[in-house]
Structure formats: C-alpha cells, structure tokens
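The values are calculated or read from the model by the stated rules, or taken from the named source; none is laboratory data. Note that the coordinates shown come from a computational prediction; the quantities given were computed from them, not determined experimentally. Neighbour counts are summed over all protein chains in view; Cβ atoms, including those assigned to glycine, are modelled from backbone coordinates with ideal geometry.
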Amino acid sequence: MNQQVNRVFSELEMDAKPDNIYIQTIGEVLRAADLVGLPHRLQLILAQPKNEIMVHFPVQMDNGEFQLFKGYRVQHNNVLGPYKGGIRYHQEVSLDHVKSLAALMTIKCALNRLPLGGGKGGVKVKPSALSQMELMRMTRRFTSALGENIGPDYDIPAPDVGTNAQTMAWMADTYMNVSGPSLRQGGASVVTGKPVEFGGSLGRDKATGQGLVFILDELLGELGLDVGKVTYSVVGFGNVGSWTARLLAQRGAKLVAVLDHTGSIRNDRGIDAGELASYVESKGGVAGFAHAEAVSTQDFYSAKVDLFIPAALEQMILPEIAAQLNCKVLVEGANAPVTPAADQVLADRGIPVLPAVLCNSGGVTVSYFEWKQNRQAETWPLAEVDTRLRQTMQSAAERVKASAKRFGCDLRTAAYCAALEHVGTVYQLRGIFP
Ligand code: GLU
C-alpha cells in the first residue's frame, strides 16, 4: 500500500487488514485520490462514511414468533446531492460490506455526473427463507426504523441483491404513511426502482444490464472485439446477469457458460438467455437447465470465452480463480467482484478489466431518471430513457478513457480518478463548513 494511503489509515486509526472489503475498496479509492492530487483533508473525509446507521427491529413471523433483524444504512458522501444507493437483503450483509458499497456509489454517481451522493443499506436475512407476508412486514418495519434517515431530498434507496420493485413499493408506501402531509402524496420518490404502475420508470428493471451493454458497444472495438460476435460466460443470473445476457443475445453475442449459487452449466453451441431467465425465475437457479450440461466450477472458470462477466456478489474472483480464467476481457457486472490481489493477477496476465463503477452504473442512472420523472410528474417513453442512458454511459466511458490516457493507469483507477476529480472540484467550490 502506498505511503499516502497508509497515512490516511493510520491518522483515522483504521485497522488496514488486507482481506477486509472496506479496506480494499477505500485503499483503491485513496490511491486514485493521490494520483489526481486530491488534498489530504478530502482524502480523510472520503476514507470514512459520513453516517453509519444500524438498527435492530422485531418482526412477527407467520408462526406467531418474533425474530429480531439487523439492518444498515450507510451514507458515504453527499457533496454532489442526496445519498443514493440500493438496499440489499442477504444473509452475508455486514457493516463493512455496506460501507464499501456505499463508497462505490459515491464514485459511480460522480463518474456519471449525477447530482447524487453515495449510500447503501441492507438487512442481514436470507430472503428466500421468508414468506411474502414476512418480507412485507420486515420491509415496512425496517423502513419505519430508518425513519427520517431517508427521504426524497436526503437519501433515496433502490433495489439491490435480494430486493426488487415490490420491496420498493412497500418501502415507499410505508414512508408515505408515516410522513407528514406534504410527503403523504409526494413521498413516493423516496425510493427508485418502483413498479412502473406506482411511479417506477420504464427501463429501470433492465437498466443495469442495458448500461453494461452500452459500455461494451463503446469499448469493445478498441480491445479488438466485436460485440455481435463475442462468446461469454456469466457468474450470477439475477437482475444484472440475466438482463445483460438477454440484451447481448439481441446483439448476436453467444452465452456459453453460467455459474450461480445452485451450480454451473455450459453449452459451447450457445445457451438461450431468455429461456434460461424463465427457468431461473421458476426454479430459483440454473442447476438442472435442460439445454446445457452441468459442469464443475473449475470447468466453468476455465471455459474459453471472449468476455467473463461476474454479475453476482463482491470478492468472488480471488487470485486462484483469476489465474484459471481463459477470457480476453473481464467485465464487472457486480460491485467489487474482483479482489485487489486478483486484479494484480489479471494485470500480470494482460487481461483488461472493465470496472463495475462504469459497467453497472446504468442502474443508478435510470434511478436518477425515475427520481427526476417523479419530481416533475412526468412519464418518459422507453425510447427516451434508453437514449438518455446511452448518452450518459457514453460520456462516462469517454471520461474513463481520457483519464486512463492522462494518468497512464488501468481502467478502474481511471474511473476512480475521473469521479474523484469531480468530487474534488465541488468540495473546492463549496468549501468545508463552517
Ligand atoms: N443497487 C444498484 C447499484 O449498486 C442501484 C442503486 C440505485 O439505483 O440507486 O448500483
């Protein structure tokens, strides 16, 4: 770790354990901050979130018993605008995970020049173990526990792993019911990713995958690949993985292997992404899909493909997996899927990484469009959402390319640099209160 990064960690008395996800994320952010010459005082501010909210709340389960849940909302930075970022329901949710993801949201919004800051939240729960009614009661109770820590002008949650449009509808409805008169109607913009019938935006469901495909349209040519001819494999077939695959199918790209929490499948003649998405929807995972062969995890990782797209959870691609990959480019669909040590292995092997803050920022971009539509009482046609999304993704890709050239660095560092320069400029203009 470089000297300046160490100085920040030691001044803040942070325990710089290399395996800790928050240390990994902030370490990378601080290295980029150093590269763009961000003043030390701003590095200190960005090294810790502004607020870390932790709540414990009881929920009555269907059997009449009560269960106590632990929920988080971390607000990393709001110099550019209200905190923004998803709510995750997963059994592995921890404070350090949520802090990392919140910091990445600050970077993502800044890179895309959205007037939004970075936040993230979650509940430690296995959502598939709860009934719909239990999930609803838990979501409502979590929302009321967060109270005034969220709001349409202050902190705006959205879906993430384990949550969806229905979760957002419950959150919005709860918020509107417990708020004062002015928010009782206008409060729906407290969250984005809502169902279209209840203030959601057209195109939000597919937005992360759509943004990723727009980035591939933009960058693959320069890496010597044609998006219409590539073969690829995907880790995770949830919202990001399945939409990416369905949209890439429209371009002519060939999906050859998928791994998820239920198993790995492979078919070198191509897997129909639409069919697989319906199968996963009904069965809960890819295992047992009839039109592909079940393969070992090792066969999955070593499959020869042009693109390898991790689109599940963070820290999945470890050095030993990076060493096995047989791809030309790694495209990050999930947040922080590659550890810094694995990043180094990929760099040594000459495999470029298209970073998550660029590739998966389509989700928050269309969230911003939804928030804007809600506030203006408008509904944009899908074509308008897609056109604006493409423009936003193109501009972000241009910024990353320009930064990579200027600083002579990899694309992840370049994306962080492009975001941090903007954050630095706004801090310079606003100054630090008082
Ligand atoms: N959870 C998504 C992400 O990680 C979307 C956040 C949002 O739309 O606010 O980018």
Failed condition for Glu28, given (1) within 28 Å of Cys417 (Cβ to Cβ); (2) within 16 Å of the ligand (Cβ to nearest atom), with all others met? (2)
Here are the criteria: (1) surrounded by fewer than 17 Cβ atoms within 10 Å (Cβ to Cβ); (2) assigned to a helix (DSSP H, G or I); (3) not hydrophobic (A, V, I, L, M, F, W, C). Tell me which single one Pro434 does not satisfy. (2)
State the number of residues belonging to segment 9-54 that are over 21 Å from Thr339 (Cα atoms) and assigned to a helix (DSSP H, G or I). 8
Considering only segment 291-386, give the helices (runs of 4 or more DSSP H) lying wholly within it that have at least 1 residues that are within 16 Å of the ligand (Cβ to nearest atom), touching a residue at least 12 places away in the same chain (Cβ under 8 Å) and not β-branched (Val, Ile, Thr). 356-359, 362-375
For the subset of segment 265-275 comprising residues that are part of a helix (DSSP H, G or I) and touching a Lys or Arg at 6+ places or on another chain (Cβ under 9 Å), which member is surrounded by the fewest Cβ atoms within 10 Å (Cβ to Cβ)? Gly274
Filter result for the condition that a residue is more than 13 Å from Ile26 (Cβ to Cβ) and either assigned to a helix (DSSP H, G or I) or within 11 Å of the ligand (Cβ to nearest atom) (or both), over Val98, Val93: Val98
Any hit, segment 92-115, residues being touching a helix residue (DSSP H, G or I) at 6+ places or on another chain (Cβ under 8 Å), of a type outside the set (D, E, K, R) and under 17 Å from Ala172 (Cβ atoms): no
Between residues in segment 85-112 that are among the aromatic types (Phe, Trp, Tyr) and residues that are in a helix (DSSP H, G or I), which pairs lie under 9 Å by C-beta distance while being six or more apart or on different chains? Tyr89/Pro127; Tyr89/Leu135; Tyr89/Met138; Tyr89/Thr139; Tyr89/Thr167
The correct count of residues that are in contact with a strand residue (DSSP E or B) (Cβ under 9 Å, 6 or more places away or on another chain) and either part of a helix (DSSP H, G or I) or more than 15 Å from Pro157 (Cα to Cα) (or both) in segment 79-90 is 2
Checking the conditions here, which among Val161, Val191, Val178 is in contact with a Phe, Trp or Tyr (Cβ under 8 Å, 6 or more places away or on another chain), in the same structural domain as Met133 (by TED's automatic domain parsing) and of a type in the set (A, V, I, L, M, F, W, C)? Val161
Of all residues in segment 1-29, how many are over 13 Å from Ser100 (Cβ atoms) and either buried (at least 19 other Cβ atoms within 10 Å of the Cβ) or of a type in the set (Gly, Ala, Ser) (or both)? 4
Just to confirm my filter: which helices (runs of 4 or more DSSP H) fall fully inside segment 108-212 and include at least 3 residues that are in contact with a Lys or Arg (Cβ under 9 Å, 6 or more places away or on another chain) and away from the ligand (no atom under 13 Å from the Cβ)? 165-178
Counted residues, segment 213-248 - those being more than 22 Å from the chain's Cα centre (by Cα) and either of a type in the set (A, V, I, L, M) or in a helix (DSSP H, G or I) (or both): 6
Asp160: surrounded by 21 or more Cβ atoms within 10 Å (Cβ to Cβ) and touching a Leu at 6+ places or on another chain (Cβ under 9 Å), yes or no? yes
More than 26 Å from Asn360 (Cβ to Cβ) and not assigned by TED's automatic domain parsing to the domain that holds Gly284: does that describe Gln132? yes
Step by step: first the residues of segment 391-411, then only those that are of a type in the set (Gly, Ala, Ser) and part of a helix (DSSP H, G or I), then the one that is surrounded by the most Cβ atoms within 10 Å (Cβ to Cβ). Which residue is that? Ala396
Which members of segment 15-53 meet the condition of being within 30 Å of Glu148 (Cβ to Cβ) and out of contact with any helix residue (DSSP H, G or I) (no Cβ under 7 Å at 6 or more places or on another chain)? Arg41, Ile45, Gln48, Lys50, Asn51
